[in-house]
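What follows is a short report on a single structure.
The values are calculated or read from the model by the stated rules, or taken from the named source; none is laboratory data. These figures come from a predicted structure and were not determined experimentally. We place every Cβ from the backbone using ideal geometry, glycine too, and count neighbours over all the protein chains shown. For the accessible areas, the whole protein counts, side chains as well, though only heavy atoms, and no ligand, DNA or RNA atoms are used. Shrake-Rupley method; radii C 1.70, N 1.55, O 1.52, S 1.80 Å.
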Amino acid sequence: MPFLLTPLIVVFYSNSILGGEISQRENSDRESNFEKKRKRELLKMNLGFVVGVFGILILSHAAYSTIQYRGLLKIMEEEFSRPPMNVVLELIIGVALCLWAALTLPGKFLSIHPDSDENRAVSLPDNSEFMIFNHRGRLFPPQIDMKF
Amino acid sequence: MGSSEKRSKDLMSDIPTFSAENLQNNLKVIQNSRTFLSIIAGVLAGIIGFNGLTGFVFYFVVMLITSVGLMAKAGFSADLYFDSLNRVLFDGFLGGLMSFVLFWTFAYDLVHIF
């Protein structure tokens, strides 16, 4: 039973860590949109992790019930055609949870349009030290309207 | 100067530009989702006790459900996140088949033979 609580402890601890960082800052009410989005994304990934672990636990419990059901059938000398109805219900619940976790855990889809709001050209590339701007391109009039 | 301006303007509007690293990130997300779900499908097929061709049909059914789920995650508009619709629908279809068969035989042995 305690090992079932550890994912919940992980979730609450990570929430308190994030909350503690913010309260120690001087301008705690001016956190940027970017940090808010990162916290929300981290929270969703933690929740997805907990949901996935629950789904796998439910599936393993269903497997254990099926093993016991097969033992019972061996005693009664009947054929195994399909698992009993409560096991089927457990399987459906477990698969639904795992489906939700599999679609949420790996991460978000990022937009690939260069014009969208989140793909702005402000972020510095890694080789910005090697870039020079004192070349003959300064004589051309600017044609590209980039969002800054 | 005038002709070179026109040429660079045409170039800018002809080539469809998109952020390649975001596309790679999206493809990685799809691949991770499909791998995880093919493992879950394998465990499910082993527990229920599918034999032979029924299991492979089950795998394709689960992959179709995954495609629908990924389309729902992308908001049913694949233009925003991918360059072509075929990528999100049919990208990792056969990649998860090996994992599916592995976990299918594993779960089947665990539940039905031991």
Which entries in the list A:Lys36/B:Lys73; A:Lys37/A:Lys108; A:Lys108/B:Lys73; A:Lys39/B:Lys73; A:Lys39/B:Lys28 go over 18 Å, if you measure between the two C-alpha atoms of each?
A:Lys36/B:Lys73; A:Lys39/B:Lys73; A:Lys39/B:Lys28
Within chain B, what whole-number % of the accessible surface is contributed by carbon and sulfur, with the 1.4 Å probe and all protein chains included in the calculation?
67
Evaluate the distance, in nm, between pseudo-label points positioned 7 Å from the Cα of B:Phe93 and of A:Leu43 along their respective Cα→Cβ axes.
4.0
A:Leu47 neighbourhood, Cβ < 13 Å, K/R = +1, D/E = -1, net charge +2
Distance between Cα centroids, the range A:65-91 to the range B:54-108: provide it in whole Å.
30
Taking only Cα atoms of chain B, the Rg to Rh ratio with Kirkwood Rh works out at 1.26
Report the Stokes-Einstein translational diffusion coefficient (µm² s⁻¹, integer) for the range B:31-94, Rh taken as the Kirkwood radius over Cα pairs, at 4 °C with viscosity 1.567 mPa s.
103
Once you have the Cα-Cα distance between A:Ile132 and A:Ile93, take 0.36 nm times their residue separation minus that, and quote the gain in nm to one decimal.
8.2 nm
Would you mind working out the accessible area per residue for chain B, using a 1.4 Å probe, and quoting it in Å²?
58
Pairwise label distance in nanometres, A:Trp100 with B:Phe114, each label 7 Å out on the Cα-Cβ vector:
3.1
